[in-house]
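Reviewing the structure listed below.
The values are calculated or read from the model by the stated rules, or taken from the named source; none is laboratory data. None of these values were measured; they are calculated from a predicted model. Virtual Cβ from ideal backbone geometry, glycine too; neighbours counted across all protein chains shown.
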């Protein structure tokens, strides 16, 4: 359908780009207009928003936190299977936002028989070394307007476009941790555990 009506889609894309373009924005009592000022203001605003707090952290030594058993510790550190990696991919929604490379989980599922060994080797390498290659751990941040006609940085919601391989690793870590959370979270915190 898109091939039959490229003019319509070109106009639609141009309109959307125009709506999403930030021509001016209010920041610290002044209006930023030049693209360099807007870029600098964006970095400053969101850097200060997500900066690590400088306040003193509470000491928690000697509180007697629960620990996982030796058997569960061994289970956590066991090597992953190809089936576990495949299940993590299939558990992810295929239609969500693509990563920086433009691929979604639908693509991964469709070509799984071709890429499965490479994905498995990458995940296996991460769990052995705790390191991901730079391209996989990098991401793009885009600003999504919370309402029509945003005029301040607080009117935007930052969304990160993370590589699907990064999401697979995160999914596998969350699956592993889910099995031991009930052992380390106290009864009064169980509201944070799904199914408790």
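Here is a yes/no grid of residues against (1) out of contact with any strand residue (DSSP E or B) (no Cβ under 6 Å at 6 or more places or on another chain); (2) free of Cβ contacts under 8 Å to residues at least 12 places away in the same chain; (3) over 24 Å from residue 91 (Cβ atoms):
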{"residue": "115", "(1), (2), (3)": "yes, yes, no"}
{"residue": "123", "(1), (2), (3)": "yes, no, no"}
{"residue": "128", "(1), (2), (3)": "yes, yes, no"}
{"residue": "137", "(1), (2), (3)": "yes, no, no"}
{"residue": "143", "(1), (2), (3)": "no, no, yes"}
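Evaluate region 84-104: report whether one residue or more is touching a residue at least 12 places away in the same chain (Cβ under 8 Å) and more than 29 Å from the chain's Cα centre (by Cα).
Taking every residue of region 84-104 in turn, none turns out to be touching a residue at least 12 places away in the same chain (Cβ under 8 Å) and more than 29 Å from the chain's Cα centre (by Cα).
Would you pick out the residues in region 115-141 that are assigned to a helix (DSSP H, G or I), at pLDDT below 85 and surrounded by 14 or more Cβ atoms within 10 Å (Cβ to Cβ)?
136, 137
Name the residue, out of 4, 17, that is over 28 Å from the mean Cα position of the chain (by Cα), at pLDDT below 75 and either more than 23 Å from residue 160 (Cα to Cα) or exposed (fewer than 12 other Cβ atoms within 10 Å of the Cβ) (or both).
Testing whether each residue is over 28 Å from the mean Cα position of the chain (by Cα), at pLDDT below 75 and either more than 23 Å from residue 160 (Cα to Cα) or exposed (fewer than 12 other Cβ atoms within 10 Å of the Cβ) (or both) leaves just 4.
Yes or no: residue 109 in a helix (DSSP H, G or I) and surrounded by fewer than 17 Cβ atoms within 10 Å (Cβ to Cβ)?
Values: in a helix (DSSP H, G or I): yes; surrounded by fewer than 17 Cβ atoms within 10 Å (Cβ to Cβ): yes.
Yes.
So, in region 142-154, exactly how many residues are in a helix (DSSP H, G or I) and surrounded by fewer than 16 Cβ atoms within 10 Å (Cβ to Cβ)?
Here the count works out to 1.
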